[in-house]
Amino acid sequence: MIAYDESNRLFFLETPHTSYILGIVDEEGFPGQVYYGARVPREDVSYLMRTKEPPFVPSENARERGSFLDRFPSEYPGNALGDYREGAAEVLDGDGHRAVQFLYKEHRIYDGKPGLEGLPATFAKENEAQTLELVLEDPVLRLRAVLLYTVFADTDAIVRSVRLVNDSDRPVRIEKVMSLALDLEPEESLGPWQVLTLHGSWARERQMDFRPLGYGKTSVGSTKGESSHQEHPFLGLASAGITQESGIIYGFHFLYSGNFLAQAEKTQFDSVRILLGIHPANFEWTLAPGEHFQAPEAVCVCSLQGLGGMSRSLHDLYRGHLIRSPYLHKERPILINNWEATYFDFNTEKLLSIAREAKKSGIEMLVMDDGWFGKRDDDNSGLGDWTVNEKKLPGGLKYLVEEVNRIGLKFGIWMEPEMISPDSDLYRAHPDWAIAIPGRVPCRSRNQFVLDLSNPQVEEYVWSCIESVLGSANIAYLKWDMNRQLTDLGSAYLPADRTGELCHRYMLAVYRLQERLITRFPDLLLENCSGGGARFDPGMLYYSPQIWCSDDTDAVERLGIQEGTALLYPLSTMGAHVSDCPNHTVGRVTPFRTRGHVALSGTFGYELDITRIPEEDRAQIPAQVATYHRLHELVREGDYYRIASFRDNGFYDCWMSVRKDRSEALLTFVQVRNRPNAVSRRIRIPGLDPAKIYRIEGEIPGEPAPEVLCHGQALSGAVLANAGILLKNPWGDFGSILLHLREMA
Ligand code: DGJ
């Protein structure tokens with residue numbers, strides 16, 4: 001999988017279908033990016049670095065060294081020494097200089113994949129992956145950059161990370177350290193590059209956004225202390241005319257939950273430099289002699305099969321090599337969450353009445369959301385005081401949980417451990433525990449502040465609260481929420497010259513807390529959440545197998561949110577619930593059946609007052625529950641294919657999960673807007689085995705789907721992929737169809 005050609009000084013990193021080649025140039029040892037694309041034989045392609053093309057040659061033509069440095073496809077570009085494109089690293093040395101340049105020193109290739117100190121990271125067994133440790137050095141600063149590259153035997157993804165080590169006897173301040181830099185050559189044959197990013201807002205997370213790549217820099221990022229609703233730590237570079245299953249796309253995804261920058265820079269020579277890493281704004285880190293800084297991991301995928309190929313490589317990487325939870329391959333309990341049912345207005349009796357009714361319909365867990373602790377009857381107070389509010393819950397958590405368990409449901413709970421309300425006993429006792437700048441009135445958001453987790457005492461307090469809540473009763477599930485972003489970046493704990501470390505130290509503490517949590521409570525099902533889906537990123541998946549996707553539970557709004565999320569993440573990670581109508585966020589009324597179909601492509605659960613919804617809706621729940629039990633393994637473990645997108649066609653959405661052995665598939669069709677005088681929809685179904693014959697059933701096992709206009713016929717995978725089927729348009733807006741395709745025995 002990884003080979004070194006010593007005579008040509010080339011490294012070949014190979015995934016099943018792609019090659020990533022890097023080379024070392026000149027006696028100085030410039031590390032260069034040679035090729036990344038479809039898998040190629042190991043031949044001498046070092047010519048691609050153009051080092052014999054004057055004036056861009058290295059030391060052969062010392063007169064034009066600047067031309068060389070500003071053109072060379074560098075593997076880890078530094079700063080201020082001739083390469084004017086944006087570099088991957090910047091430092092401030094003891095003499096006030098910011099120049100840095102990394103050159104080859106040594107390397108090692110070994111089996112397996114190392115973890116990253118204190119950070120989420122992909123993992124693999126020795127026989128599943130190989131790693132190249134490429135050690136570069138700035139010989140003047142005596143600063144080492146240890147670049148790790150891992151390739152996996154079973155997915156077309158490569159992960160990279162960087163560790164900076166100060167080998168000098170003076171401190172050095174890191175002002176920027178990107179985890180990934182990649183210089184891609186001009187590719188006229190692929191047409192003008194399109195940039196793909198995920199953009200959003202609260203309740204509108206991860207909407208796909210394509211735009212042509214222009215000259216200069218195109219970037220997305222977050223400086224909010226979390227990966228954010230607004231931008232996503234991902235950047236794709238796609239060939240012109242990319243489709244779901246054709247065209248080339250390079251995808252770069254950051255395995256980190258804090259501030260990030262993802263950038264593509266189109267240069268004077270039409271090459272593109274990609275950078276991905278911790279956002280340099282509000283970041284610095286001082287390295288004393290002998291100290292090191294580990295930057296988080298970045299994922300690269302090159303798909304030769306359009307967007308779908310990229311999605312499937314990432315899904316396989318995350319399911320196979322990132323998510324550690326014991327629930328990854330298990331059916332998750334179908335939960336009912338009381339947030340949209342009651343908001344803050346609940347008590348033991350109300351929760352038990354929901355639990356009793358839920359049990360009758362086959363629901364398996366009750367989750368008590370915000371408002372059960374401290375003085376918290378609205379969102380203005382109580383965060384930090386993690387003791388049960390006995391006025392609402394007499395007898396405390398233990399009594400409530402025992403009663404819920406007696407009814408036959410598991411019990412889950414909500415916490416927002418990183419926060420502190422100004423109106424809380426905690427804040428009155430420790431105002432200096434909130435992130436703030438002395439002399440400035442800190443900015444409130446949702447009327448709360450963020451705890452200064454860079455302070456170990458605060459981190460320890462937060463842990464003690466989590467441990468005591470979870471240890472106090474039989475709690476099977478935790479929803480870990482975070483409802484505001486970081487501002488007023490000051491810490492009463494950090495010394496002045498370390499204030500720039502606050503955001504990253506905060507993230508490291510969150511990771512430590514979650515690591516402690518899953519170690520201490522190994523059977524707990526953890527769902528991360530951040531005011532909806534503001535911290536839906538690969539970093540959090542290392543700790544929780546699922547993340548709440550969005551506070552928007554409307555089935556139609558969810559189509560775009562779940563499409564953008566599924567572009568990168570396995571469906572099994574997307575927290576998705578059936579909620580009541582009119583929808584609380586947009587006021588739309590959609591059929592209960594459609595809400596069920598859309599939630600089925602995520603973790604599946606309910607978020608409504610089951611004691612008060614219309615009888616005809618409640619009556620559908622047992623069948624929905626049965627469908628979940630029957631088909632959810634397909635959703636959880638299958639390959640994802642996006643067939644059509646309402647975003648493109650303004651008409652309907654369609655996607656599918658196919659079992660890895662191609663023996664069955666689940667197709668979901670949602671017609672957002674009905675169209676008058678329209679013929680039936682022609683749906684081509686990819687991903688099946690062309691030679692196998694499939695029967696197309698609906699929701700009733702064994703019965704042909706009534707919506708399919710092929711008279712109960714069985715069809716081959718070849719016909720289904722190329723000729724397709726005809727689907728009757730559902731009557732009205734927002735109708736949906738579920739098809740179960742099964743290989744005939
Ligand atoms: C934001 C979450 O996304 C919601 O589901 C809910 O838990 C609220 N916070 C509670 O404050």
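Cross-link partners for K660 among the aspartates and glutamates, with Cα-Cα distance under 18 Å and sequence neighbours closer than 8 places in the same chain left out: D154, D156, E245, D316, E331, E633, E637, D639, D689, E743. Projected label points at E188 and A99, each 7 Å from Cα along the beta carbon direction, are separated by 3.6 nanometres. Taking 7 Å steps out from each Cα toward its Cβ at D169 and E349 produces label points 7.7 nm apart.
For A80 and R516, the FRET efficiency from 1/(1 + (r/R0)^6), where r spans their Cβ atoms and R0 equals 35 Å, is about 0.25.
Taking all Cα pairs closer than 8 Å and separated by 6 or more residues, the relative contact order of region 638-745 comes to 31 percent. Checking the cross-link pairs K330/K375; K359/K479; K217/K479; K392/K479 against a 28 Å limit on the alpha carbon distance flags K330/K375; K217/K479 as lying beyond it. If a spin label sat at a point 7 angstrom from the Cα of D733 along the line to its beta carbon, the backbone N atoms of region 580-618 nearer than 18 Å would be those of 580-596, 598. Of all aspartates and glutamates in the structure, the ones whose alpha carbon falls short of 13 Å from that of K391, not counting any fewer than 8 places away in one chain, are D345, E349, D377.
The convex hull around the C-alpha trace of region 641-743, projected and averaged over every direction, spans 6.1 square nanometres.
Peptide packing: for 641-652, 527-538, the average count of neighbouring Cβ atoms within 10 Å per residue gives the ranking 527-538, 641-652, highest mean first. Phi-derived couplings, Karplus 6.51 cos²θ - 1.76 cosθ + 1.60 at θ = phi - 60°, listed residue by residue for region 113-119: 8, x, x, 10, 3, x, 10 Hz, with x used for Gly and Pro. The three principal axes of the Cα atoms in region 2-321 give end-to-end lengths of 49, 43, 42 Å, sorted in falling order.
Rounded to the nearest Hz, the phi-derived 3J(HN,Hα) couplings of region 598-605 under the Karplus curve 6.51 cos²θ - 1.76 cosθ + 1.60 (θ = phi - 60°) are 6, 5, 5, 7, x, 6, 6, x, where x marks glycine and proline.
In percent, rounded to a whole number, the relative contact order of the chain is 10, using alpha-carbon pairs under 8 Å and six or more apart. Per the Cα gyration tensor, the chain maps to an equivalent ellipsoid with semi-axes of 44, 35, 20 Å, ordered largest to smallest. Segment A288..V135, full-extension length gain: 53.1 nm, with 0.36 nm per residue of separation and the alpha-carbon distance subtracted. Each of A492, M482, W414 was scored by the projection of its Cα onto the charge dipole of the chain, and the greatest displacement toward the positive side belongs to W414; charges sit on the C-beta of Lys, Arg, Asp and Glu. Between E460 and T267, what is the label-to-label distance in nm when each label sits 7 Å out along the Cα-to-Cβ direction? With each label placed 7 Å out from Cα toward Cβ, I get 5.1 nm.
What percent do you get for the relative contact order of region 127-244 when only Cα pairs under 8 Å and 6+ apart count? That works out to 18 percent.
All of the numbers you see were taken from the coordinates with simple rules; none came from a lab. Given the structure is predicted, the values throughout are model-derived calculations rather than measurements. Positions of Cβ are backbone-derived with ideal geometry, glycine not excepted, and every protein chain shown enters the neighbour counts.
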